[in-house]
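Read-outs throughout are calculated quantities, based only on the coordinates presented, and are distinct from any laboratory measurement. Quantities reported herein were computed from a predicted structural model and do not represent experimental measurements. Note: ideal-geometry Cβ built from the backbone for every residue, glycine included; neighbour counts use all protein chains shown.
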Amino acid sequence: MTYQLRVAHLYGDLLNTYGDIGNILVLQYYAKKMNVELITKVISLDDQFTANDFDLAFFGGGQDYEQLIVSHNIQQKKPELIKFIEDGGPLLAICGGYQLLGEYYIGAKGEKIAGISALPHHTKSQDNHRFIGDIEIQNQETGQKYHGFENHNGLTYLGTGEKALGKVLSGHGNNGKDHTEGAIYKNVYCSYFHGPILARNGELAKRLLLIALKRRYPTADFSQAEQLKILPTY
Ligand code: GLN
């Protein structure tokens, strides 16, 4: 392999309920086709996160109980995570991970679960209800459509400077009201999509890998990787 990328799988041993690990497998699949070795490390409770040690980060979803544990622990990783994000590090955050990058999440029992305020969204709770089902959205800049399966109690409201990942075409999205789904801030991509998102939306996997590669190898030519065909989406 000509290139190497180091991936931090944030709390991969705790926030792992919804099969989001599949996103790492998809990144590995496309990385191999781009001649990139992907070195993945789970960064959990007892580990340090150092921004300069990683080229890409992934943060999956989970249940409120695990989210609360992560919420306490992640505060000590906050400065380096914010450094990574502000420096343009690519990060994919799904559901619980998405909520924890924001200001706070009110859990299903009313408990306030602090985020790290790296992004300005916040998440409230629905009374005895979850948004569950297939969802389709469209990114307003590229026109690309993304498909997924949502399963969340949280109602997320975007803050200043945050764009939606897409406009909801069918399904519920961030809060069921404003037709937004997910968030984009710098090179951070957030979504409620399980499925996992990258398996059904290979363009996103490609985009994340290319951002990471161009950042790590600024003088290399990735025009061939840009042409890589993605798996059919549906
Ligand atoms: N516990 C959070 C919620 O229900 C996140 C769920 C998830 O990650 N799928 O909104």
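I need the full set of residues from the stretch 165-189 which are closer than 16 Å to GLU141 by Cα and crowded, with 18+ Cβ neighbours inside 10 Å, in order please.
Result: LEU165, GLY166, VAL168, THR180, GLU181, GLY182, ALA183, ILE184, TYR185, ASN187, VAL188, TYR189.
Among residues belonging to the stretch 87-100 that are in contact (Cβ under 8 Å) with a residue 60 or more places away in the chain and touching a helix residue (DSSP H, G or I) at 6+ places or on another chain (Cβ under 7 Å), point out the one that is farthest from the ligand (Cβ to nearest atom).
GLY88
Yes or no, residue by residue, for (1) closer than 17 Å to ILE211 by Cα; (2) basic (Lys, Arg); (3) surrounded by fewer than 16 Cβ atoms within 10 Å (Cβ to Cβ):
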residue	(1), (2), (3)
GLY60	no, no, no
GLN67	no, no, no
HIS72	no, no, yes
LYS78	no, yes, yes
ALA93	yes, no, no
GLY97	no, no, no
LEU101	no, no, no
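Restricting to the stretch 153-177, name every residue that is more than 15 Å from the chain's Cα centre (by Cα), within 14 Å of the ligand (Cβ to nearest atom) and not in a loop (DSSP other than H, G, I, E, B).
Within the stretch 153-177, LEU155, TYR157 qualify.
Looking at the stretch 101-138, which of the residues that are of a type outside the set (Ser, Thr, Tyr), free of Cβ contacts under 8 Å to residues at least 60 places away in the same chain and near the ligand (Cβ under 9 Å from one of its atoms) is nearest to SER191 (Cα to Cα)?
Here the residue is ARG130.
Of the residues that sit in the stretch 27-50 and are aliphatic (A, V, I, L, M), in contact with a helix residue (DSSP H, G or I) (Cβ under 8 Å, 6 or more places away or on another chain) and more than 21 Å from ALA183 (Cα to Cα), which one is surrounded by the fewest Cβ atoms within 10 Å (Cβ to Cβ)?
Per the criteria, the residue is LEU45.
Every residue in the stretch 72-95 that is under 11 Å from LEU15 (Cα atoms) and either charged (D, E, K, R) or part of a loop (DSSP other than H, G, I, E, B) (or both), please.
CYS95, the sole residue that qualifies.
Do we find that TYR18 is within 15 Å of the ligand (Cβ to nearest atom) and among the hydroxyl-bearing types (Ser, Thr, Tyr) in this structure?
When the stated conditions are applied, TYR18 passes them.
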